[in-house]
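To start, the structure itself, in structure tokens.
The values are calculated or read from the model by the stated rules, or taken from the named source; none is laboratory data. Keep in mind the model is a prediction, meaning the values are calculated, not measured. As a convention, Cβ positions derive from the backbone with ideal geometry for all residues, glycine included, and neighbour counts pool all protein chains shown.
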Amino acid sequence: MTMRSRREDSGMAKNIAAWSKRMKDLRVANNLSQTDVAKVLHCSQVAYGMYELGKRRISVENLVKLAKYYHVSMDYLAGLCDQA
């Protein structure tokens, strides 16, 4: 693995961690269960739980659905800014 690909992997891991944390924080702040949010994404609770744990990559389409559902920006969801 080259230095560049290691940096890219590190950057991707940070993004996944940011999305995962924001997804859980938003869900909890809105008093929703994983099952509730899974229904919005048309996926199983297990799949959604794996998104929150960062063990499964979420599609851009589903990130857009979450941003619209919670009325937040994609930048906020991705952890790129702190204002929803």
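Details
- Selection count, the stretch 42-65, where residues are more than 16 Å from ALA17 (Cβ to Cβ) and not acidic (Asp, Glu): 12
- Taking helices (runs of 4 or more DSSP H) as the structural unit, those lying wholly within the stretch 22-84 and holding at least 2 residues that are touching a Leu at 6+ places or on another chain (Cβ under 6 Å) and buried (at least 17 other Cβ atoms within 10 Å of the Cβ) correspond to 60-70.
- Test: ALA17 is among the small types (Gly, Ala, Ser), within 10 Å of the chain's Cα centre (by Cα) and surrounded by 13 or more Cβ atoms within 10 Å (Cβ to Cβ): no
- Residues that are among the small types (Gly, Ala, Ser), within 19 Å of VAL64 (Cα to Cα) and modelled with pLDDT under 95 within the stretch 1-47 comprise ALA17, ALA18, SER20, listed in sequence order.
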